[in-house]
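**Student:** My structure is below; once you've seen it, I'll send some questions.
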Amino acid sequence: MGNVILQLKDIRKSFDDVEILKGISLDIKKGEFITLLGSSGCGKTTTIRIIAGLETADSGKVILEGKDITDLEPNKRDVNTVFQNYALFPNMNVEQNIGYGLKIKKYSKEEIKKEVEEALRLVQLEGFEKRMPNQLSGGQRQRVAIARAIVNKPSVLLLDEPLGALDLVLRRQMQEELKRIQKTLGITFIYITHDQEEALNMSSRVVVMNKGVFEQIGTPNEIYYNPRTTYVANFVGSANIYKKDNKIYAIRSEYVKMNYGNLKGVVLEKSFIGGLSKVKYRLEDGQTITSSHSGMDVDVKVNDIINVGWDEIHQVEVIENEV
Amino acid sequence: MKFKRLYAFLLRVPVYSYTISFIIIPLIYMLVLSFLTKAQTWGYTFDFTLANYERVFSSFYMGIFIESLKLALITTTIVLFVGYAYGYFMARTSDAWKRRLMILLMIPFWTSGLIRLNGWIIIFRSNGVLDKILMFFNIIDKPLKLLYSYPAVVIGMIYFLLPFMILSVFSSVEKMDWSLVEAARDLGATSFEAFKSITLVQTMPGILSGIVLTFVPSMGMFYVAEILGGNKIVLISNVISEQMTKGRNTPFAAALSVILMILTSIILSLYKKFTKTSELEGIL
């Protein structure tokens, strides 16, 4: 077992005859930052709701620190959740919200005050104790929700798209803060997102989910450079899918070079996406390929015919499931 | 511009005229009447007097006021618990069951209240439906004689007022954000603790408006006490009704009504202050 903290064993779950989770298994090590990455409806929220005990699995087991917690009530599990809509108690102020779990565990008033203060310091919201949730901005509510969960020092913290409602700048900032908080506390994080950039940036391991199965589990590097399936290749950083001799390959656009190799392509379109220029070609056999180049100026025009190519070590054979 | 204002005024005319003719004028009439003297034969004479109020504050009538308050409190308390349970589960069941329960709640409203009260007579009277059923199952061995008793009046009141509590609790439970309960459970609360600290607080507007909607009418439902209580249970509203009809003492009835209104308003404002509510589900 070593330092495995949480195990999911062949978990299945259906709602109204629709199978949402089709037998998922995962071992999570202590202190990991695991991200479940997938589009909406892939079952990622259901997965963490089952871990939290807010949903019961039809079959399979959830094992936390060697103990089977599959049938345990949510309040008996040493995990806490940061909800997507924050779910702050509107009738309680920040201090009462954060102290709620400790109060239930019968901590003394002084202890609660001390712990709440510490949690607020960690999320950089000192002095906000007496504010009501409706007096806080979205980002501040987010911080309170995180503080309310981590103050209980769970062995595993579940975060359900916690940054989904924040704007891009705030999201980037919160990503860094979450990483910092996770490092400081050493708590295992299970993080849900549909944003592949966020997943790659934050996680020690990424789990790509698709239609109720784990498509691939690996470090951000493995997921990005060695996608197992066309779905992963496409969902994470939209790789080129190239078919040749009954085999399917994924090639990252940054490896596709102009005036290279012996494939001819017509330039279909040019786009600039801030720091990167992308050029899309149609090859002679009808397949399309995109190349990306740093900087703004790419010396081609639409309808130009040029050679495009890549080194063979950069093409990864993948299993086709969907594009 | 001028036309617009005229138009806005015309739109309000129906509301104003309704309020003035059916609420304000009767109130003023009642207030004035309460200071007048009963005529020897019929009606009243325009002689100012405080005698009506003196009589209201006699220990006999004050006793009746207290009796009425007691019954209203008993009724409201029972309605609160039964109504909360019904309203809560109605809001939590499937849509199909929601519709069924709602129809069960609505059907009685299609029949006149007086006819439904007479239905209760059939159920409650000696050797009536209830006695027969209980005796058939050997739960009792002789008739309960519930008709014209205090419990009969309480049950009748509950029967009439329960829907108001159910509906206000239902609408506040329907609006609940259940992720709050999940968050509480996630943070270690048992289902009872979560109910106490989250659900109850979140549905408080429904509870409070349900209490108002039950308490206020229960002070004035004289016909329930009259039909199901016989002459044994006399509430302040019965006295008012009797003074209006048999007693032919409209000034005294008016004085009683004024005091009843003031009493109810005081209780309501105390209640609002005590519970610190500014919002009630659907009313006030």
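**Student:** Round to a whole number: what % of the accessible area of segment B:53-275 belongs to carbon and sulfur, probe 1.4 Å?
**Tutor:** 70 percent
**Student:** Largest first, what is the accessible-area ranking of B:Met204, B:Met90, A:Met258 with a 1.4 Å probe?
**Tutor:** B:Met204, A:Met258, B:Met90
**Student:** While we're looking at this one, here's another question. With the alpha-carbon atoms as the only input, what is the per residue convex hull volume for the protein assembly as shown in Å³?
**Tutor:** 293 Å³
**Student:** Relative to the Cα centre, what is the charge dipole magnitude of the protein assembly as shown, using +1 at the beta carbon of each Lys and Arg, -1 at the beta carbon of each Asp and Glu, and rounding to the nearest 20 debye?
**Tutor:** In total the dipole reaches around 2040 debye.
**Student:** Tabulate in residue order the Karplus-calculated ³J(HN,Hα) for segment A:53-68, using 6.51 cos²θ - 1.76 cosθ + 1.60 with θ = phi - 60°, rounded to whole Hz; enter x for Gly and Pro.
**Tutor:** x, 7, 9, 9, 6, 6, 7, x, 10, 10, 10, 10, 6, x, 10, 6
**Student:** Can you give the percent of C-alpha pairs in segment A:241-317 whose distance is more than 21 Å?
**Tutor:** Here the tail beyond 21 Å accounts for 21 percent of pairs.
**Student:** Evaluate the charge dipole of chain B about its Cα centre and quote only its size in Debye, nearest 20, assuming +1 on the Cβ of each Lys and Arg and -1 on the Cβ of each Asp and Glu.
**Tutor:** Dipole size: approximately 560 debye.
**Student:** Express the Stokes-Einstein translational diffusion coefficient of segment B:117-247 in µm² s⁻¹, to the nearest whole number, given a Kirkwood radius over alpha-carbon pairs, 20 °C and a viscosity of 1.002 mPa s.
**Tutor:** After rounding, the answer is 121 µm²/s.
**Student:** Something else: Go ahead and set up a Gaussian network model of chain B, Cα springs under 10 Å, then flag whichever of B:Glu226, B:Glu174, B:Glu182 fluctuates most.
**Tutor:** Answer for the Gaussian network model of chain B: B:Glu182.
**Student:** Further question on the same structure: Quick one: Cα centre-to-centre distance for segment B:171-200 and segment A:47-89, in angstrom?
**Tutor:** Using only Cα atoms to place each centre, the spacing works out to 16 Å.
**Student:** Once both labels are modelled 7 Å past Cα along the beta-carbon direction, what's the B:Trp110-A:Val18 spacing in nm?
**Tutor:** 3.7 nm
**Student:** In whole percent, how big is the carbon plus sulfur part of the accessible area of segment A:1-121, probe 1.4 Å, protein atoms only?
**Tutor:** Carbon and sulfur: 47 percent of the exposed surface of segment A:1-121.
**Student:** Let me ask something else about it. Can you give the mean number of other chain Cβ atoms that lie within 10 Å of the Cβ atoms in peptide B:174-186?
**Tutor:** Partner-chain Cβ atoms within 10 Å, mean over residues of B:174-186: 6.
**Student:** Can you say what percent of the DSSP beta bridges in segment A:145-273, counting only those with both residues inside, are antiparallel? Round to 5.
**Tutor:** About 65 percent, rounded to the nearest 5.
**Student:** Ok, one more. Over segment B:53-275, what lengths in whole Å, largest first, do the semi-axes of the equivalent ellipsoid take, defined as the square roots of 5 times the eigenvalues of the alpha-carbon gyration tensor?
**Tutor:** 35, 26, 15
**Student:** Roughly how many Å is it from the Cα centre of segment A:160-206 to that of segment A:280-320, as a whole number?
**Tutor:** Comparing the Cα centres of segment A:160-206 and segment A:280-320, I get a distance of 32 Å.
**Student:** Then there's this: Can you sort A:Asp16, B:Asp95 by solvent-accessible area, 1.4 Å probe, largest first?
**Tutor:** Accessible-area ranking of A:Asp16, B:Asp95, largest first: A:Asp16, B:Asp95.
**Student:** May I ask which residue of B:Val216, B:Leu263, B:Ser68 lies farthest towards the positive end of the charge dipole of segment B:53-275, with charges of +1 (Lys, Arg) and -1 (Asp, Glu) on Cβ and the Cα centre as origin?
**Tutor:** The listed residue farthest towards the positive side: B:Ser68.
**Student:** Considering the options A:Asn210, B:Thr245, A:Asn221, tell which one lies farthest towards the positive end of the dipole of the protein assembly as shown, charges being +1 on Lys and Arg and -1 on Asp and Glu at the Cβ, about the Cα centre.
**Tutor:** B:Thr245
**Student:** Now for a different question. Is there a simple number for the mean count of other chain Cβ atoms within 10 Å of the Cβ of residues in A:80-90, and what is it?
**Tutor:** So the per-residue partner count for this stretch is 5.
**Student:** Tell me the relative contact order for segment A:241-317 as a rounded percent, counting alpha carbon contacts under 8 Å between residues six or more apart.
**Tutor:** In percent, rounded to a whole number, it is 40.
**Student:** While we're here: In debye, nearest 20: dipole of segment B:7-155 around its Cα centre with unit charges on the Cβ of K, R (+) and D, E (-)?
**Tutor:** Computed about the Cα centre, the dipole is about 500 debye.
**Student:** Lysines within cross-link reach of B:Lys232: Cα-Cα under 30 Å, excluding same-chain residues under 8 positions apart?
**Tutor:** B:Lys38, B:Lys70, B:Lys132, B:Lys142, B:Lys145, B:Lys246
**Student:** Under a straight-distance cross-link criterion of Cα-Cα below 14 Å, which aspartates and glutamates are reachable from A:Lys105, leaving out those fewer than 8 residues away in the same chain?
**Tutor:** Once the sequence-local aspartates and glutamates are set aside, what remains near A:Lys105 is A:Asp78, A:Glu115, B:Asp186, B:Glu193.
**Student:** Computed from the mean reciprocal separation of all distinct C-alpha pairs, what Kirkwood hydrodynamic radius does segment A:4-225 have, in Å?
**Tutor:** Averaging 1/r across every pair of different Cα atoms and inverting gives 17.8 Å.
**Student:** If you don't mind, another one. Considering only DSSP beta bridges where both residues belong to the protein assembly as shown, give the percentage that are antiparallel (nearest 5).
**Tutor:** Just about 70 percent of them are antiparallel.
**Student:** Right, here's the next one. Please build a GNM for chain B, connecting alpha carbons under 10 Å apart, and tell me which residue among B:Gly229, B:Gly247, B:Gly220 fluctuates the most.
**Tutor:** B:Gly247
**Student:** What helices in chain B pass both tests, a Cα length along the helix axis of 15 Å or more and a mean Kyte hydropathy of -1.0 or higher, using whole DSSP H runs?
**Tutor:** The qualifying helices are B:2-19, B:59-92, B:95-106, B:113-124, B:150-174, B:204-218, B:250-275.
**Student:** Tell me: how much accessible area in total is hidden between A and B, 1.4 Å probe, Å², nearest 100?
**Tutor:** The buried area between A and B, both sides summed, comes to about 1700 Å².
**Student:** Next up: Mind checking the mean number of beta-carbon atoms from other chains within 10 Å of the Cβ atoms in B:197-203?
**Tutor:** 3
**Student:** Here's something else I'd like to know. Distance in nm between label sites at A:Asn246 and A:Asp78, each 7 Å beyond Cα in the beta-carbon direction?
**Tutor:** 5.4 nm
The values are calculated or read from the model by the stated rules, or taken from the named source; none is laboratory data. Just so it is clear, the structure is predicted and the values come from calculations on it, not from any experiment. Ideal geometry is used to build each Cβ from the backbone, glycine not excepted, and the neighbour counts take in all protein chains shown. When the accessible area is computed, the model is the full protein with side chains, heavy atoms only, and any ligands, DNA or RNA have been set aside. Shrake-Rupley method; radii C 1.70, N 1.55, O 1.52, S 1.80 Å.
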